[in-house]
1. How about the stretch 443-456: which of its residues are surrounded by 14 or more Cβ atoms within 10 Å (Cβ to Cβ) and either over 21 Å from residue 479 (Cβ atoms) or at pLDDT below 75 (or both)?
2. Among the listed residues 111, 56, identify the single one that is more than 20 Å from residue 30 (Cβ to Cβ), in the same structural domain as residue 21 (by TED's automatic domain parsing), touching a strand residue (DSSP E or B) at 6+ places or on another chain (Cβ under 8 Å) and free of Cβ contacts under 8 Å to residues at least 12 places away in the same chain.
3. Looking at the stretch 14-34, can you tell me whether even one residue there is in a loop (DSSP other than H, G, I, E, B), at pLDDT 90 or above and in the same structural domain as residue 110 (by TED's automatic domain parsing)?
4. If I ask for residues that are closer than 24 Å to residue 267 by Cβ and part of a loop (DSSP other than H, G, I, E, B), which ones from the stretch 158-193 would you list?
5. What are the residues in the stretch 64-94 that are in a helix (DSSP H, G or I) and within 43 Å of the chain's Cα centre (by Cα), if any?
6. Scanning for something assigned to a helix (DSSP H, G or I), modelled with pLDDT of 85 or more, in contact with a helix residue (DSSP H, G or I) (Cβ under 7 Å, 6 or more places away or on another chain) and over 29 Å from residue 485 (Cβ atoms), does the stretch 389-398 turn up at least one residue?
7. Considering the stretch 245-255 alone, what residues qualify as being in a loop (DSSP other than H, G, I, E, B) and under 20 Å from residue 163 (Cβ atoms)?
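The values are calculated or read from the model by the stated rules, or taken from the named source; none is laboratory data. What you see is a predicted model, and the numbers here were worked out from it, not measured in a lab. Quick reminder, even Gly has a Cβ in these numbers, built from the backbone with ideal geometry, and neighbours come from all protein chains shown.
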């Protein structure tokens, strides 16, 4: 009895659903083998719709036939394009010297085949290859066309989105199970209070990261720093996406504003310091924050290496064109002073309550002023849009001339555009307002803890947020806080927070 192997393959989901499924192919080939009296010794199958696409089993079949060339010399396959994907595959099979039974095509190709049969078979192989190439081109064209229309062509979406079928089309839509995870990651990171590691801990502690809720296309079993940065750098969240190296404006609904995304990118850039490391130009904690109390010049930072090999940083006055007695001071000396100062910035619980009241009062004021202005702008926009509709009807009814219509149309649309631009600025201001309030409260409670646990870049950013016009006098750091943290510091020493008066007045450090 002649021995044979069976090879089956599907290359797309459609083929699975249109009668070319692997079980259907196997059934056909087993029936054929039984009718011909062949002994099937092994099956090989490739499912290119699987997650890991490719032709692993094809290679295994070639190896098996090479190893059993004396006993197995028949391949049973449904038809030409199931066996070959390119001419190289044809050459590999031909070199084996086996007989290939193309069951649906009722043809046998092998070493005993005539030159005419081999020619026809070779043409079929080339045609199959051409079809595959054309299909690939058409798929790429379709993807590129979708991208031009603003529809994301891929199937793998970032966290916070999922694929949904609408009008027989698969389109990205917001995933309600995970949208808050993505939104909060951007909002928290934009504050500057969280590193990637701290951000992971934060979202996990709030129960936002639930792996089983994440769609299969973007499933993550663990949350790493790399995945955090991948999310925070993805423009998909504000409405754009990359496809084949080009950026497109998407039609999907954004999860965050462009302003928030830009803010996060600025903070991410602090990690882009590979060139700086190469040229020994790393950021310094106090650089750009201090001036000399004696001459008013800038305090600059320098990095030095001791003979022992230990690295240290010190700060000195630039003394540009001036006489100044200010001596260099080590970063360690300044760091100890800022740590002690931030300890004093922590507010007692009673004062935190006062601070919350102040923030709420500020919010009430905003609602009665800024938000009222926004409402007025929206009403004005709606009124202009109604006027546009009215003059359009008048034009159709020939109540007004085309020239008058064009003039009024240009005027109204320009005013609407101006209102839209103003509203966008309000949105940015709104975000900054809410974020500032959250930062004030967070830093008032945790400034010392955040500084102690921050890396170099985070320390610098934190101090940039807290300090303004601070000075260096000898080895003493003369700290001056930005508003409203100057009031917060007074509150830590005062029995009357709301008045800002100190029961025991004394100079600030």
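1. 443, 444, 445, 446
2. Working: 111 fails: free of Cβ contacts under 8 Å to residues at least 12 places away in the same chain.
Of the residues listed, the single one that is more than 20 Å from residue 30 (Cβ to Cβ), in the same structural domain as residue 21 (by TED's automatic domain parsing), touching a strand residue (DSSP E or B) at 6+ places or on another chain (Cβ under 8 Å) and free of Cβ contacts under 8 Å to residues at least 12 places away in the same chain is 56.
3. From the stretch 14-34, those in a loop (DSSP other than H, G, I, E, B) are 18-21; that's our starting set.
Imposing the further condition that a residue be at pLDDT 90 or above reduces the set to none.
So far as the stretch 14-34 goes, no, none of its residues is in a loop (DSSP other than H, G, I, E, B), at pLDDT 90 or above and in the same structural domain as residue 110 (by TED's automatic domain parsing).
4. At the first step, the residues of the stretch 158-193 found to be closer than 24 Å to residue 267 by Cβ are 158-161, 178-193.
Matches in the stretch 158-193: 158, 159, 160, 178, 191, 192, 193.
5. Here is the first cut: in the stretch 64-94, the ones in a helix (DSSP H, G or I) are 64-67, 80-83, 87-94.
Passing the criteria: 81, 82, 83, 87, 88, 89.
6. Taking every residue of the stretch 389-398 in turn, at least one turns out to be assigned to a helix (DSSP H, G or I), modelled with pLDDT of 85 or more, in contact with a helix residue (DSSP H, G or I) (Cβ under 7 Å, 6 or more places away or on another chain) and over 29 Å from residue 485 (Cβ atoms).
7. Initially, the stretch 245-255 is screened for residues in a loop (DSSP other than H, G, I, E, B), giving 245, 250-255.
Once the filter is applied, which keeps residues that are in a loop (DSSP other than H, G, I, E, B) and under 20 Å from residue 163 (Cβ atoms), the stretch 245-255 yields 250, 251, 252, 253, 254, 255.
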